[in-house]
Every structure is written in structure tokens, then in C-alpha cells.
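Here's the structure we're looking at; comments come further down.
The values are calculated or read from the model by the stated rules, or taken from the named source; none is laboratory data. This is a predicted model, so every value here is computed, not measured. We place every Cβ from the backbone using ideal geometry, glycine too, and count neighbours over all the protein chains shown.
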Amino acid sequence: MSAFSLKMDIADNRFYTGETSPLFARQPAQQARRFHQKIAGYQPTPLYALNELAALFGVNKILVKDESQRFGLNAFKMLGGSYAIAQLLCEKYQLDINTLSLDGLKSRIKEKMTFATTTDGNHGRGVAWAAQQLGQNAVIYMPKGSAQERVDAILRLGAECIVTDMNYDDTVRFTMQTAQKNGWEVVQDTAWDGYTKIPTWIMQGYATLADEAVEQMSALGIARPTHVFLQGGVGALAGGVLGYLVDVYGAENLRSVIVEPELADCLYRSGVKGQIVNVGGDMATIMAGLACGEPNPLGWEVLRNCASQFISCQDAVSALGMRVLGNPPGHDPRVISGESGAVGLGVLAAVHYHPQRDALMNKLQLDSHSVVLIISTEGDTDVKHYREIVWEGKHPAAQ
């Protein structure tokens, strides 16, 4: 067997309490899912069992939730944006979200609105899609270096899309200032003082995928996962999904691992210190959806209390995950997973091929009984770069 060493810094969460959050739990997640179920074309995204890969890696099960098949948008993000916009409109027009669909909301809107957000690609596409469905306007700002393919995907949905000369977090601040001047509604998946309601709704919307996964695992006869690997970013997905899972299974019954690129590892650094730590600079990681330097305080609270470990890793870990998922062993299903989607599986692969495999398996408490849940949050949202990695060998595992 080949052996190679990829950089992965693993930190145990010394500030773990196991305390759950009523905001990010089964009940609000299921309310969000009931809303999503009323959208035309809704169906749960697949949960694939990669049984031959699990046997190769020495665990019992590897389960991959494939969010590339979400409403034809190639990523999970619309779950948050659509739900938050719907909640915002219900509040504005004093409507009950439990009785309305997107089409029902569209008929109730009396004046044109503009929704604004900052995105690395997928979130903005989700907001643009929801605005289009409702006949509203969307203005999407993207940080410098954003892929043209992701810009074009937003433009095709009828939104205005502007690429700034700033990093992600500075672009968020610029978006907020611009929206305030123009009277636009900001639909952002991070929170700050005075802005928590919409990011809460977004995180609750993300948990639809977790509710689906729990239902799908039960149908497969799986009582519960032993591990879940969740990608970081601002921590909105990780916090929303982990909050739901620990409410369902109990924090003490789930080993949760939060994974980030080393160039944007604000959650890892926060986990080490026990309080929010921001990361600045360009954050030039291939994991564009995770190139965020300032944690969402709402997500961070869940992660501080319930995450087991934090990992900061080099980009080659994600590239390895993309290749393995795209070229699985035997009869395992193929999953097309983008740079931000594949990093969790990449960690498992990097551990397997590491010269210190046994020590790392022990560190993560992985063994032949482990049932590992992975969320592949996006497909090939930048096809050119996907092919450069998977076909051409960009960011190789072994130098």
C-alpha cells in the first residue's frame, strides 16, 4: 500500500460541554423541511453507502450525502436562503410559513424587494434562485478571485453579480453597508450584533439535509452514525447540522469532526482557544466555499459545546477526497464532489494512507465498528477546476 503524509492538524475540543441548542434541533429542522417539501421538484438527495471503500479504510460504514443533486443547483445552499427569505416574507406580511409554499408567498408579495448577499458561489446561487422563484430582485457580491463559472451561474438566474477586490469577510461588510443605503434585505449566513434572525433561519434551513439523512439511515437499518465529518466555513452548516444531530442522538453518542482549510481555519483556531478567533488575508484555498475567516457566532456556540474535534488541513486533502469519490473502488457509487464538498472524505483517505495511520485512527476513534457520515455539500460547481484536479492531477497527494 502507498504511504504519504498530508498536513492535518487535529485538535481535541477542550471546551466541550454537550449542551444542545433549542434553535438548532429536530423541531425547527422538521418545520424547515416541511416548507422545502412543498417546493416543486423537491426530493431528498441520495445517501450513498460506500461499502467497499469502508472495508478498504477499516471502518464499518461510510455514508455520503450527495448535495450535488439538490434542485438542480449542484449544492445544498438553497436550503438556507429559500427558507430564510420565506420566513422574512411571512414576518413582513404576517403569514404562517407552515401553511404556505413559495408559490403561495409569491402571490402575497405586494411590492418588489431586493435581496442582497455575499457568497463564494453556492449561497449566492441559492438566494438568486429563491428571488427568481418569487419574482424578486437579487444582488450578489463575491470576493476577489471568484471563478467565472460561479458568477455565470448566478447571472443565469437573473440576479446582478459583482465581484469585489476584497476577501470574503470584507465583502460581507461592504454588502451590509450597500444594502443599508439602498433599503435592501440582507440574506447572509453569518451573524453579528443586531443581525441574528436571518442567519438563524438559514441554519435551520440547512438542517433539512440532516433530517433527510437520519430518515435515510433508519431506512438502511442504521441506528445512528458514530462519526460525522462537517466542513467549516463560517460554521453555519456545521452548527445547523450538528445541532440537529446531537438533539436526535445525544452529543455523547456522536463524534463530530469539523474540517477546514489551513488558510481559513478560523473555527480550528477558535476551538483551540475556546473563543472566537478571526483569520484575515486572502485565504487563497481551493475550498472557495470554506474561505471564510470570521466564525458565525450562532454556529460557533453549537460547535464549542458539541464538536469533538477540529481539523485544519492542506488543500491536497480536499483534492484527494475529490479523486476518491469520483473514482471509488469496486461497485461503490461514484460521487462528483467539489473542493468544499470532498474535504471530509479526504480526511478519511489521508488518514488511511498516512505513515502514522494507526495513531491517527486512534486519535479520531475510528475502528471497524465506526459508521461515518459525510456531507458532500457541492458538486463540480467549477467544472474547469474540478477537471484540473481529478483529471490533470493538480494538488497531488504525493510529491
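Below is a table of values for the structure above.
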quantity	calculated
Test: residue in region 385-399 that is out of contact with any Gly (no Cβ under 9 Å at 6 or more places or on another chain) and more than 27 Å from Glu67 (Cβ to Cβ)	yes
Test for Lys77: is it among the charged types (D, E, K, R), touching a residue at least 12 places away in the same chain (Cβ under 8 Å) and buried (at least 18 other Cβ atoms within 10 Å of the Cβ)	yes
Residues of region 55-74 satisfying the condition of being over 30 Å from Asp152 (Cα atoms) and in contact (Cβ under 8 Å) with a residue 12 or more places away in the chain	Leu56, Phe57, Gly58, Val59, Asn60, Lys61, Ile62, Leu63
Hey, Val335 touching a residue at least 40 places away in the same chain (Cβ under 8 Å), outside any loop (DSSP other than H, G, I, E, B) and either closer than 25 Å to Tyr168 by Cβ or of a type outside the set (D, E, K, R) (or both) or not	no
Residues located in region 135-165, provided they are under 22 Å from the mean Cα position of the chain (by Cα) and either part of a loop (DSSP other than H, G, I, E, B) or at positive phi (or both)	Pro143, Lys144, Gly145, Ser146, Ala147, Leu157
Out of Tyr268, Tyr244, sole residue that is closer than 30 Å to Arg387 by Cβ, outside the structural domain of Asp120 (by the TED database), hydroxyl-bearing (Ser, Thr, Tyr) and not in a loop (DSSP other than H, G, I, E, B)	Tyr268
Flag for Gly104 being in contact (Cβ under 8 Å) with a residue 24 or more places away in the chain and of a type outside the set (Lys, Arg)	no
Positions within region 207-225 being assigned to a helix (DSSP H, G or I) and aliphatic (A, V, I, L, M), in sequence order	Leu209, Ala210, Ala213, Val214, Met217, Ala219
The listed residue being buried (at least 18 other Cβ atoms within 10 Å of the Cβ) and within 29 Å of Thr175 (Cβ to Cβ), out of Ala128, Ala25	Ala128
